[in-house]
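Below is one structure, written out as structure tokens; comments come after it.
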Amino acid sequence: MNYNIKQLIIIFTGVTLMSCAKGDKNSEVIRAQEEIRQSEEENVIIISKKQFENESLSFGQLAESPFPTVINATGTIDVPPNNRAIISAHIGGYLKNSPLLVGDQVTKGQLLFSIENIEFLELQQEYLETYEQLAYLKSEYERQAAMFEEKISSKKSFLQAENDYNKIKIKYQSSREKLEFLNIKPELVESGELSSISKMYAPIGGSITELKGSTGSYLSPADEIMEIVNTDHIHLELRIFEKDALSIKKGQKVLFSLPESSNEEHIGEVHLIGKSIGKDRTIKIHVHIEEESSDRFFPGMFVQAEILLDTKNDISLPENAVIEINDKNFALLLKSENEDQFEFVKQELIIGKSYENQVLIQNHSSLDPAGKYLLGSYNLIGQD
């Protein structure tokens, strides 16, 4: 009897364990099925036709688009040498007047600042002396020339007068040019108006980008006091590696951006190609900018650029069909529709480069070539 009871208990326990194991297995299957169902539901987007119209949505399809081969380059915004001027003190002195600030616009010939130095008076005195000597020696030379012509004076006296006159003429011209270099008018000095002030004027029109020194400070001739930049003909100075040099040609299109301030793309064109390789094994490329605006670009700005070479067709989607979520890219493919709504399914994309609002789709072979993709769908699934 005891043996039979023990046997029944063992059988009952075995059945119970088998039932539990079967129940656990069924639960796992149900959970897996539920996860698949939820995953499928999360991958489906329902959009009413009213919402479709209100959001001004539309459809796009996979299509062939041209994509250029590009060479990447970096560089800076710059201006031609003639559009940049460094102003320095021609002769040392004290800064007398500097009313301008960095950023001020100046016109060519506008007064920039004044320098005061007692040596300017000495230069003017020297000029006056040579000016007066010139008048006397010129008269003497003409008198000796006339007397020599009439055989009244000797040739020696004539040659001496000629020599003295030529010497003072050279000295006079040198003194005059020194004054003009300092922007001191010789005509005023000749009339007795001497000044210890030298005025400096703008050699070009433009914007003041650098300003050094303050009123009363001493300036040496080598000191750079001010820089003026004219941005009327702003351009790019790019650098490419020598391996890419043979691929660059004048007239090629250039797309560039200013990564420190904006991702907006701007357009340029290759204008000049350097003929020598620098120590860093790069070549300079001069690029004209299509939109030359001093309000948008400033000399010295860093740029990233793509020089466009030959193009080839590849499969693409419009940019506004692609949504990035958690470092992955998706598009919404139309799955079905009825009178009231559209049903879309997420399609993961592997994308390449972009060009003219088209994105290269690298995994296009796994997608429906005739499928309709929703354009402008970021706001619908961008927060998932």
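Based on Cα contacts under 8 Å between residues 6+ apart, the chain shows a relative contact order of 26 percent.
With +1 on each Lys and Arg Cβ and -1 on each Asp and Glu Cβ, how big is the dipole of region 144-245 about its Cα centre, in debye rounded to the nearest 20?
Details: 13 positive and 17 negative charges, 126 e Å.
Value, rounded to 20: 600 debye.
Counting lysine pairs in region 195-319 that sit 8 or more residues apart in sequence, or on different chains, and whose Cα atoms lie under 29 Å apart gives 20. Relative to the longest principal axis of the Cα atoms of the chain, the long axis of helix 2-42 makes an angle of roughly 40 degrees. Taking a straight Cα-Cα cut-off under 23 Å and skipping sequence neighbours fewer than 8 places away in the same chain, the lysines within cross-link reach of residue 372 are 49, 50, 328, 335, 346, 353.
Based only on Cα atoms, what mean projected area does the convex hull of region 218-260 have, in nm²? Can you show the working numbers first?
Details: hull surface 26.9 nm².
Taking a quarter of the hull surface, the average projection is 6.7 nm².
Summed over the residues of the chain and divided among them, the accessible surface reaches 63 Å² per residue at a probe radius of 1.4 Å.
The Rg/Rh ratio for the chain is 1.40, where Rg is the radius of gyration of the alpha carbons and Rh is the Kirkwood radius. So for the chain, taking the charge dipole from beta-carbon charges (+1 Lys/Arg, -1 Asp/Glu), which of 198, 248, 373 sits furthest toward the positive end? So the residue we want is 248.
Within the set of other residues whose C-beta is less than 14 Å from the C-beta of residue 315, count the net charge using Lys and Arg as +1 and Asp and Glu as -1.
Numbers: positive: 312, 353; negative: 64, 314, 368.
Neighbour charge sum, excluding residue 315 itself: -1.
With K and R counted +1 and D and E -1, the other residues having a Cβ less than 14 Å from that of residue 125 yield a net charge of -4.
Counting Lys and Arg as +1 and Asp and Glu as -1 over every other residue whose Cβ lies under 13 Å from the Cβ of residue 242, the net charge comes to +4. The value of relative contact order for region 157-303, using C-alpha pairs under 8 Å at least six residues apart, is 19 percent.
How about region 74-157: which chymotrypsin sites (Phe, Trp or Tyr not before Pro) there are in a DSSP loop, with at most 10 other Cβ atoms within 10 Å of their Cβ?
Numbers: sites: 94, 113, 120, 127, 131, 136, 141, 148; in loops: none.
Nothing satisfies the criteria.
The values are calculated or read from the model by the stated rules, or taken from the named source; none is laboratory data. Because the structure is predicted, anything quoted here is derived from the model rather than measured. Every residue, glycine as well, gets a Cβ built from its backbone with ideal geometry; the counts of neighbours run over all protein chains shown. Ligands, DNA and RNA are stripped out before the accessible areas are found, and what is left, the full protein with its side chains, is counted by its heavy atoms. Shrake-Rupley method; radii C 1.70, N 1.55, O 1.52, S 1.80 Å.
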